[in-house]
Every structure is written in C-alpha cells, then in structure tokens.
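**Student:** Attaching a single structure in structure tokens format; questions to follow.
Every number here is computed from the coordinates shown, using simple stated rules; none is lab data. Quick caveat, the model's predicted, so the values are computed rather than measured. Neighbour counts run over all protein chains shown; Cβ positions are idealised from the backbone, glycine included.
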Amino acid sequence: MSRTPLFKFTSKPKRQRPEQIIQQNIVSWCKLGLKPRVMFHSNVNEGKRGYVDGSNLKKAGMTAGVADLEFIIDGRAHFIEVKAPNEKQTKQQIEFENDCLRCKVPYVVVYSLGEAVKLLSAWGATLNARVAA
C-alpha cells in the first residue's frame with residue numbers, strides 16, 4: 001500500500017526578469033564590441049536592503065533612479081536605462097533623466113540589445129559591428 005505524502009517539497013520557480021536578461025546581454029556584448037578607450041560599468045541600485053544597509057549606502061552616495069549602465073566615451077559620460085518591453089521608468093529614473101538633460105549628458109532608455117548596440121554605435125563607442133534587426 002502506497003502512502004500519499006503529507007507535504008510535497010518542490011523548488012520554487014525562478015522569477016523571470018526580462019530587464020535583467022536584456023542588461024546581461026548588453027554587458028556581454030560590450031565586453032567584445034566596444035572600442036578599447038571606452039569604459040563602462042553597471043550601477044546596481046535595485047534590491048531590498050535592511051534599514052541600516054540602505055542608510056549606509058545612501059550616506060556613501062547611492063542615489064535612487066541612476067541609470068543602469070554608464071559609459072565614458074571620449075571623456076564624457078553617457079547613460080543607458082534598460083527596460084523590458086512595456087515597462088516604464090520610475091519617478092526617480094525620470095528625475096535622473098531630467099538631471100542628465102539639464103547637464104547636457106546623453107541619456108537613453110533601451111528595450112533590447114539591438115537598440116543598445118545601435119545607440120552605442122551612434123555615440124561612436126563601437127568597433128565595426130553589425131547587429132541583426
């Protein structure tokens with residue numbers, strides 16, 4: 001006689017994060033497709049933190065709304081905010097975009113790797129690369 005278990009242990013399904021996947025693809029591409037004199041890095045501002053950690057990070061300069069990726073091209077900062085299709089910027093991201101516009105710093109929201117590569121090419125940051133549409 002077989003017994004039915006009282007509890008069924010299953011692993012929790014991983015949450016799909018399309019925005020994160022797009023950003024990871026952009027970063028992977030940048031490691032191979034940017035000119036040698038172009039710098040870039042990710043600004044990690046998301047995630048839940050405890051009160052103490054959050055307070056310490058803010059005191060150290062972390063700012064809500066800063067774009068996901070920053071590029072230094074010919075000595076000038078350029079920002080890319082990565083969004084999944086149909087997602088919108090937060091209030092803080094819009095405020096950061098307005099700060100960039102006020103300071104005449106390039107800032108663009110992209111929704112795919114293809115858009116990012118075309119933008120980086122227009123900014124003069126890429127090697128001679130082609131991307132399928």
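**Student:** So which of Lys35/Lys83; Lys35/Lys91; Lys31/Lys91 end up more than 26 Å apart by C-alpha?
**Tutor:** Lys35/Lys91; Lys31/Lys91
**Student:** For the ranges 69-76, 98-105, what's the packing order if you count other beta-carbon atoms within 10 Å of each residue, average per peptide, and put the highest first?
**Tutor:** Listed from highest to lowest mean packing, they are 69-76, 98-105.
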